Amino acid sequence: KLRAYVEPPQSVLTQFTDETVPGHLYARSIARYRRGELEAALAVIDRLIDMVPDDPFFHEFRGDILLSMAQPNASALAYETAISLRPDSPQILLNYGRSLIAGGRADDFTKAISALEKARNGEAKWAFAHRQLAIAYGRAGRLADADMTLAEEALLTGDTQQAIKMARRTLSYENLRDELQNRANDILFRYGAAAK
């Protein structure tokens with residue numbers, strides 16, 4: 001897999017030619033994907049999944065291809081299969097959440113939030129997971145949660161001024177849950193900014 005991502009795609013296609021070897025098919029699918037040949041990449045990964053149906057990473061990559069093809073609903077189904085095979089993978093959960101957000105269906109935002117919360121909890125220092133979770137919260141109308149998550153993302157990227165700004169904004173909401181209020185105040189106290 002790594003060689004397929006770091007070596008030039010044409011080199012991978014020339015080196016990995018045995019289509020009866022799963023590793024070769026995977027490398028060829030990745031190379032096609034990197035060249036922007038999404039239909040070809042999808043056809044190869046589908047052949048590979050037919051050969052090895054229980055590998056979560058093949059289903060994940062199928063989801064990646066479909067998401068790149070602007071097919072978020074089909075992508076979400078591929079990620080669901082990957083999650084059924086590897087339920088605790090933050091990377092797969094993140095991509096599943098992204099596909100649900102991209103699908104834009106309001107009833108999927110709750111599923112996206114659940115998946116992205118698990119991804120964030122599994123990789124607490126992964127700023128991108130926080131960003132995607134904030135997007136899901138925002139789309140679901142949970143603006144205080146979105147702002148608090150953006151404050152935490154800002155801390156992870158080293159932007160304390162943005163973290164303070166977003167923590168203050170979180171505190172501006174009426175009927176704020178205690179847990180959010182505590183998290184926002186922790187940021188403000190830790191970085192020397194009193195809540196206004």
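Just so it is clear, none of the values below were taken in a lab; they were calculated from the coordinates. The model shown is predicted, which means the values in this text are computed figures rather than measured ones. Quick reminder, even Gly has a Cβ in these numbers, built from the backbone with ideal geometry, and neighbours come from all protein chains shown.
Full-extension gain between Asn73 and Phe128, please, as 0.36 nm times their residue separation minus the C-alpha to C-alpha distance.
Full-extension gain reported as 17.7 nm.
Any idea what the dipole of the chain comes to, in debye rounded to 20, about its Cα centre with Lys/Arg Cβ at +1 and Asp/Glu Cβ at -1? Don't jump to the answer; show the numbers that get you there.
Numbers: 25 positive and 26 negative charges, 132 e Å.
About 640 debye.
Could you work out the Rg to Rh ratio of segment 40-181, with Rh taken as the Kirkwood radius (inverse of the mean 1/r over all Cα pairs)?
1.06
Roughly how big is segment 1-53's charge dipole about its Cα centre, with Cβ charges of +1 (Lys, Arg) and -1 (Asp, Glu), in debye to the nearest 20?
220
Roughly how far apart, in whole Å, are the Cα centres of segment 1-47 and segment 101-155?
Between the Cα centres of segment 1-47 and segment 101-155 lies a distance of 32 Å.
Consider a paramagnetic label point 7 Å from the Cα of Asp88 along Cα→Cβ; state which residues of segment 51-80 have an amide N under 15 Å from it.
none
Go through Pro87, Ser29, His130 and say which Cα lies farthest out towards the positive end of the charge dipole of the chain; charges sit on Cβ, +1 for Lys and Arg, -1 for Asp and Glu.
The one lying farthest along the dipole's positive direction is His130.
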